[in-house]
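A.B. asks: Before I ask anything, here is the structure I am working with.
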Amino acid sequence: MIYKNYGNIISNEPIIKNFVYLMIIKEKNIANTARPGQFIEIKTGLIPLLRKPISIFEVDKEKETISILYQVKGQGTKNLSELTANEKLDIIGPLGQGFTIKKFAKKCLLIGGGIGIAPLYDLGLKLKEAGNEIEIILGFSCKETSYAIDYFSKLGPVKIATIDGSLGELGTVEVILEKYNFKDIDKAYACGPEPMLKYLKTLEDEIDLELSLEAYMGCGVGACLSCVCKMTDGEYKRVCKEGPIFQVKEVSFDE
Ligand SMILES: Cc1cc2nc3c(=O)[nH]c(=O)nc-3n(C[C@H](O)[C@H](O)[C@H](O)COP(=O)(O)OP(=O)(O)OC[C@H]3O[C@@H](n4cnc5c(N)ncnc54)[C@H](O)[C@@H]3O)c2cc1C
Ligand code: FES
């Protein structure tokens, strides 16, 4: 079931000012039904008119809240960053399909690049609840723009790569994955920039991997087709409806 409601903003704090924010919203229907990997569509002001898709970062069913971790990119997310506690937020959700969650025989691996880490935290919590051991690889541009590592450290060991080498390994998550021993891993999950996902596609015969895809979205509920992406069988699927979670083998990054 999809809900359209006004959530009450509990807090909206910068993790890095003018860059990344964590907002907690009280909205009981979405908190009670959301699964890791699903997202909400938020009305971010009159201009732009369209809603913005943002992943659910964490759910607290007891407090009936959801939180979102978002990066300020343009006017919509800037408007979001200026909202304060007790303001109302027009949201629709939970939308899309979630990640697979079950007990795996071996470990699970979470791979996040930049703000692509957002849908992976709640996933990690639920995988842990299901009895899984988790390892995490995160990539950022530099130490100053790295965030939420403390959250992921609660889930399991975290390896970091930064483009300038100021934190963790020098380079992208690729440098860590190139020498990674996938034999201990049953299932991997990833979200991040397209070059990272394209690299992960080259590993599709080595790891069972689910990707969370991004796309430009209009309606967010399957009606406008603005978010379609190409599958390996030549068909197109809607990221907002059949996705955003896809098996890596399903997705084609060919133009
Ligand atoms: C399923 C899904 C989940 C998402 N989850 C999150 C999240 O948890 N946290 C978060 O910070 N962001 C997330 N995003 C991205 C977020 O929706 C966009 O950053 C936001 O819509 C930008 O809106 P804006 O008005 O601030 O910027 P705009 O003015 O709309 O755009 C600013 C810049 O960002 C680029 N951009 C905008 N939307 C996208 C997109 N979908 N893909 C690639 N580039 C884009 C534009 O080309 C432009 O360069 C998600 C996107 C999708 C599809
Ligand atoms: S955003 Fe309209 S169909 Fe996906």
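A.B. asks: With +1 on each Lys and Arg Cβ and -1 on each Asp and Glu Cβ, how big is the dipole of region 145-210 about its Cα centre, in debye rounded to the nearest 20? Intermediate results must be reported in sequence, preceding the final value.
C.D. replies: Values: 7 positive and 13 negative charges, 37 e Å.
Approximately 180 debye in magnitude.
A.B. asks: Please give the length that would be gained between Ala215 and Asp233 if that part of the chain were fully extended, namely 0.36 nm times their separation in residues minus their C-alpha to C-alpha distance (nm, one decimal).
C.D. replies: 4.5 nm
A.B. asks: Continuing with this model, one more query. In whole Å, what three semi-axes, largest first, describe the equivalent ellipsoid of the chain built from its Cα gyration tensor (square root of 5 times each eigenvalue)? Let's see the in-between values first.
C.D. replies: On the way: eigenvalues 148, 88, 68 Å².
Each semi-axis is √(5λ); the values are 27, 21, 18 Å.
A.B. asks: Can I ask one more? Put +1 on the Cβ of each Lys and Arg and -1 on the Cβ of each Asp and Glu in the chain; which of Ala34, Ile10, Ala148 then has its Cα farthest toward the positive end of the dipole?
C.D. replies: After comparing all options, I get Ile10.
A.B. asks: Same structure again: Would you kindly state how much longer the chain becomes between Glu129 and Lys143 on full extension, computed as 0.36 nm times their sequence separation minus their alpha carbon distance, in nm to one decimal?
C.D. replies: 2.0 nm
A.B. asks: Over region 107-212, what portion of Cα pair distances is larger than 20 Å, expressed as a whole percent?
C.D. replies: 31 percent
A.B. asks: Tell me, Ser212, Ser141, Ser146 in order of fewest to most beta-carbon neighbours within 10 Å? Could the numbers behind the result be given before it?
C.D. replies: Numbers: Ser212 29, Ser141 15, Ser146 21.
Placing the least packed residue first, the sequence is Ser141, Ser146, Ser212.
A.B. asks: Could you list, in their original order, any pairs among Lys106/Lys179; Lys4/Lys63; Lys26/Lys143; Lys106/Lys159 whose Cα atoms are separated by more than 23 Å? Intermediate values should be presented prior to the final figure.
C.D. replies: Working: Lys106/Lys179 19 Å; Lys4/Lys63 19 Å; Lys26/Lys143 32 Å; Lys106/Lys159 19 Å.
Listed pairs above 23 Å: Lys26/Lys143.
A.B. asks: I'd like the orientation of helix 120-129 relative to the chain: the angle between its Cα long axis and the longest Cα principal axis, in ° from 0 to 90, rounded to 10.
C.D. replies: Value to nearest ten degrees: 70.
A.B. asks: While we're here: When Ile15, Ile42 are ordered from fewest to most other Cβ atoms inside 10 Å of their Cβ, what list results?
C.D. replies: Result, fewest neighbours first: Ile15, Ile42.
A.B. asks: Out of Ile134, Ile54, Ile66, whose Cα points farthest toward the positive end of the dipole of region 52-185 (charges: +1 Lys, Arg; -1 Asp, Glu; placed on Cβ)?
C.D. replies: In region 52-185, that residue is Ile134.
A.B. asks: Ignoring everything except DSSP H segments at least 4 long, calculate the 222 nm mean residue ellipticity for the chain; use -39,500 (n - 2.57) per segment, divide by total residues, nearest 500.
C.D. replies: My calculation for the chain gives -4000 deg cm²/dmol from helical runs alone.
A.B. asks: With springs only between Cα atoms under 10 Å apart, run a GNM on the chain and tell me which of Tyr189, Tyr216, Tyr21 wobbles the most.
C.D. replies: Of Tyr189, Tyr216, Tyr21, the most mobile in the Gaussian network model is Tyr216.
A.B. asks: Take the cross-link list Lys88/Lys128; Lys43/Lys128; Lys73/Lys201 and give me the ones stretching past 30 Å between alpha-carbons.
C.D. replies: Listed pairs above 30 Å: Lys88/Lys128; Lys43/Lys128.
A short reminder: the numbers here are calculations on the coordinates, not readings from a lab. Since the model is a prediction, treat every value here as computed from it, not as a measurement. Neighbour counts are summed over all protein chains in view; Cβ atoms, including those assigned to glycine, are modelled from backbone coordinates with ideal geometry.
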